[in-house]
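The values are calculated or read from the model by the stated rules, or taken from the named source; none is laboratory data. What you see is a predicted model, and the numbers here were worked out from it, not measured in a lab. Counting neighbours? That spans all protein chains shown, and the Cβs are built from the backbone with ideal geometry, glycine included. We work out accessible area using only protein heavy atoms, side chains counted, and drop any ligands, DNA or RNA first. Shrake-Rupley method; radii C 1.70, N 1.55, O 1.52, S 1.80 Å.
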Amino acid sequence: IGLNTPLAGLSRQNARRVATYLIDSGKATGTVRRYLTDIRAVINLALIEHDIPAANPFSKIDLPNDGLSQRDLRISIPDEIIAKMLRDLKAKENQQPFLVFALLYLTGARLGEITALQCIDMFLDHEVPHIWIRPNVIRRLKTNWSARQIPVCQTTLSLLRTAMQNTSDEEYLFPNYKEGRGADRASARLMKVLRHHTPDKRITVHSLRHNFRDRIRILGIPFEQGKALEGRKYSQGEEAHYGSVTTQWIKALHLSIKKINSNNTGPICLLRQLSHFIIDNE
């Protein structure tokens, strides 16, 4: 639509042209929707800050229905594919992608939350071993609820100790991903391996969050504890803002995440074996 168009001169036709261009370029409807949301937010801010009395033409842009419900846009990764991923990544000389993928599966954290972990975020010798997810200079958090302490099970603890011992950086756990868009590079690396095992575009690295939610549901983990571990708002309404993080709460979460990762079959069993394998060879 041109770089010299004033904000007050933007039209619905301009907005629709951008939407059409994005769709025609082959991007998924969900991706186009996110791009338009970002554009709309930037324009809203500019209109407010410069006192421009104009409507935002990027508001309420209709997009074609992609035929998928929100629930079907991403699906959990089958256990057999996770196992193949773990074996493939473990066989690589660079162990950082393996450790990142394993930690994503065991903690339910977001990719950027793991790749940007700092050594000072490790509390492995604490009464309740845990990692602290918090903002730093290379990573913001999705929401305020994302800031949290995630207790770790024994397998996760073993993997974190390995990462601590292997890091070449005094500050970051995964120095390969501290510069620039590190999480994007990690995603691209993991997706390259993942696509060797499945062409299903509904399955991505982010799908591990769905696997984590599956285990929460199947094992009957209390609703608010599951939300706390995932970094989501505990509940709707005013009650979500009541209460505080205490030692008792962290201990309760520790029991839950140990239960979530207690299965003796599938990826959990394989990770337990691989984590001991790593330690035995150090």
Q.
Between 0 and 90 degrees, rounded to the nearest ten: what's the tilt of helix 247-260 against the longest Cα principal axis of the chain?
A. 80
Q: Please provide three numbers in whole Å: the alpha-carbon extents of the stretch 137-183 along the principal axes, with the largest listed first.
A: 29, 25, 16
(Q) If I model a spin label at Trp145 and Asp79 as a point 7 Å from the Cα along the Cα→Cβ vector, what separation in nanometres do I get? (A) 3.0
(Q) Between Asn263 and Glu238, what's the calculated FRET efficiency when r is the beta-carbon distance and R0 is 30 Å? Round to 0.05. (A) 0.25
Q: Could you work out the relative contact order of the stretch 12-159, using alpha carbon pairs under 8 angstrom and six or more residues apart, expressed as a whole percent?
A: 14
Q | P(r) weight above 13 Å for the stretch 98-161, C-alpha pairs, percent | A | 59
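Calculate what fraction, in whole %, of the accessible area of the chain sits on carbon and sulfur atoms when a 1.4 Å probe is rolled over the protein chains. Mind dumping the intermediate values first?
On the way: 8240 of 15890 Å².
Carbon and sulfur: 52 percent of the exposed surface of the chain.
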Q.
Nearest 500 deg cm²/dmol is fine: what mean residue ellipticity at 222 nm does the chain get from its DSSP H runs of n ≥ 4 alone, each adding -39,500 (n - 2.57), divided by its residue count?
A. -15500 deg cm²/dmol
Q: Please give the per residue accessible area of the chain, computed with a probe of 1.4 Å over protein heavy atoms only, in Å².
A: 56
**Q.** Theoretical FRET efficiency, 1/(1+(r/R0)^6), r = Cβ-Cβ of Asn136 and Thr246, R0 25 Å, to 0.05
**A.** 0.55
Q: Count the lysine pairs in the stretch 111-238 whose Cα atoms lie under 19 Å apart, taking only pairs 8 or more positions apart in sequence or on different chains.
A: 4
Q) Per-residue accessible area for Arg40 at 1.4 Å probe radius, Å² rounded to 10? A) 70
Q. Of the listed peptides 109-122, 262-275, what is their order by residue-averaged count of other C-beta atoms within 10 Å, with the highest listed first?
A. 109-122, 262-275
Q: Using only the C-alpha atoms of the stretch 154-282, find the volume of their convex hull and express it per residue in Å³.
A: 177
**Q.** Hydrodynamic radius (Kirkwood) for the chain, which is based on Cα pairs only, to one decimal in Å
**A.** 21.1
Q: Go through Phe98, Phe123 and list them by solvent-accessible area, largest first, probe radius 1.4 Å.
A: Phe123, Phe98
